[in-house]
Amino acid sequence: MQYDEVLKRLAPCGLSCAKCFAFAGGGIGRHAAELKRLLGNFGIYAERFTAFLPQMADYPAFGRLLDHLADPSCAGCHQDQCLWPECGVAACWRDKGVDFCFQCDEFPCDKHNFDPHLEQRWIAMNQRMAEKGVEQYFEETRDDPRYK
């Protein structure tokens, strides 16, 4: 895949926008819409099933979440604003004039505002992009889940 196409699918931090629950046209949204279609008007039945399947009492909350997942609207971090309001990368990459964090002369820095788990992933993703190239990194990780 060409660099410009990868930019539409990878965030500046290295996470896959294409696999994000909020990414319009992504797999999560497609699968959620299909599940919603397959379930149809299941909410009526779920209420009846609570007598012998108590977990069905959670179906209304699941239905609201499914509605949300089935209607993603984000175009990706390189196109829009990051949906996570605490993301330090979103405020930084444009100012630095880079596409990805590893391209910055201050990487790794402490501006990211990630929890320790995500910070480790962020460093590893960017080191791998620097080592292999953005396009090769994308191909290597194309089938990996975003949420590890």
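The values are calculated or read from the model by the stated rules, or taken from the named source; none is laboratory data. Because the structure is a prediction, the values reported are computed rather than measured. FYI the Cβ positions are ideal-geometry reconstructions off the backbone, even for glycines, and counts take in every protein chain you see. Remember, those area values only see protein heavy atoms, side chains included, never the ligands or the DNA or RNA. Shrake-Rupley method; radii C 1.70, N 1.55, O 1.52, S 1.80 Å.
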Does the stretch 20-37 contain any residue that is in contact (Cβ under 8 Å) with a residue 24 or more places away in the chain, among the small types (Gly, Ala, Ser) and in contact with a helix residue (DSSP H, G or I) (Cβ under 6 Å, 6 or more places away or on another chain)? yes
Check GLU5, GLU34 and return the single one that is under 30 Å from CYS109 (Cβ atoms) and in a helix (DSSP H, G or I). GLU5
Pull up the stretch 123-141, narrow it to residues that are of a type in the set (D, E, K, R) and without any contact (Cβ under 8 Å) to a residue 12 or more places away in the chain, then point me to the one that is surrounded by the fewest Cβ atoms within 10 Å (Cβ to Cβ). GLU131
Out of curiosity, is HIS112 in a helix (DSSP H, G or I) and either more than 16 Å from LYS8 (Cα to Cα) or basic (Lys, Arg) (or both)? no
Go through ARG30, ARG9 for me and flag whichever is touching a Ser or Thr at 6+ places or on another chain (Cβ under 8 Å) and open to solvent by 30 Å² or more (accessible area, probe 1.4 Å). ARG9
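Could you check the stretch 1-28 and list, in sequence order, the residues that are of a type in the set (A, V, I, L, M) and either touching a Lys or Arg at 6+ places or on another chain (Cβ under 7 Å) or farther than 18 Å from MET125 by Cβ (or both)?
Listed by number, the residues that qualify are LEU15, ALA18, ALA22, ALA24, ILE28.
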One residue is enough: does the stretch 104-118 have a residue meeting the conditions touching a Pro at 6+ places or on another chain (Cβ under 8 Å) and surrounded by 11 or more Cβ atoms within 10 Å (Cβ to Cβ)? no
